[in-house]
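The values are calculated or read from the model by the stated rules, or taken from the named source; none is laboratory data. These numbers were taken from a predicted model, which means no experiment stands behind them. Here the Cβ positions follow ideal geometry from the backbone for every residue, glycine too, while neighbour counts run over all protein chains shown.
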Amino acid sequence: MKLGEAIEQILVESGLSISGFSRKVGYSRQYIYELLKSKETGFNRKIQLDTLKKICDATGYSLEKLLADIDYIPKPKLDIAPNTIVVVNKGGEKVYYSLNEHDAALIDQLAKTLSRDRSRE
C-alpha cells in the first residue's frame, strides 16, 4: 500500500474532514493533501517516522499497523483458523467471526465482485 492510501484510510477511519484531521495532527491542509496525492501519482513520498507517530497518536491508529501497511516492516502473521473474518472497529478492537464453507465462499465472491466494480471506475 502506498503512503497516500494509508493516510486516506486513517482519515476515513478517524471520521474527520481534511481540515479537522490537519488540525488534530498539527500539520497544514496542504501537507495532508500532498500525502494523499501520493496515492494517485504512485510516488511514495518520504516521511519522517516521528510524523507518522504524531498522526497515529492523534488519531488512535496503530503505528505498527501503519508501518506494516506501507511495507516498512513485515506484516504480522495472523494466527487464526481458516474461514475466519477479522473485523477491526474504529477503536482498534478486533472481533473474530468463524464462517462455514458456504458463507466463506459467498464473502469471497462478494469481495471479488466489489474489486472488479472498483477497477471499472
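Structure above, values below:
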quantity: Subset of region 5-21 that is of a type in the set (A, V, I, L, M) and without any contact (Cβ under 8 Å) to a residue 60 or more places away in the chain - its residue that is surrounded by the fewest Cβ atoms within 10 Å (Cβ to Cβ); calculated: 12
quantity: Residue 61 vs. criteria of a type in the set (Phe, Trp, Tyr), closer than 20 Å to residue 3 by Cβ, without any contact (Cβ under 8 Å) to a residue 40 or more places away in the chain and surrounded by 13 or more Cβ atoms within 10 Å (Cβ to Cβ); calculated: no
quantity: Options 24, 54, 37, 2: the member that is in contact with a helix residue (DSSP H, G or I) (Cβ under 8 Å, 6 or more places away or on another chain), charged (D, E, K, R), touching a residue at least 40 places away in the same chain (Cβ under 8 Å) and more than 29 Å from residue 99 (Cα to Cα); calculated: 2
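Listed here are the residues, each with its yes/no results for (1) touching a strand residue (DSSP E or B) at 6+ places or on another chain (Cβ under 8 Å); (2) closer than 30 Å to residue 48 by Cα; (3) modelled with pLDDT of 85 or more.
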{"residue": "72", "(1), (2), (3)": "no, yes, yes"}
{"residue": "77", "(1), (2), (3)": "no, yes, no"}
{"residue": "80", "(1), (2), (3)": "yes, no, no"}
{"residue": "83", "(1), (2), (3)": "yes, no, no"}
{"residue": "90", "(1), (2), (3)": "no, yes, no"}
{"residue": "93", "(1), (2), (3)": "no, yes, yes"}
{"residue": "101", "(1), (2), (3)": "no, no, yes"}
{"residue": "109", "(1), (2), (3)": "no, no, yes"}
{"residue": "114", "(1), (2), (3)": "no, no, yes"}
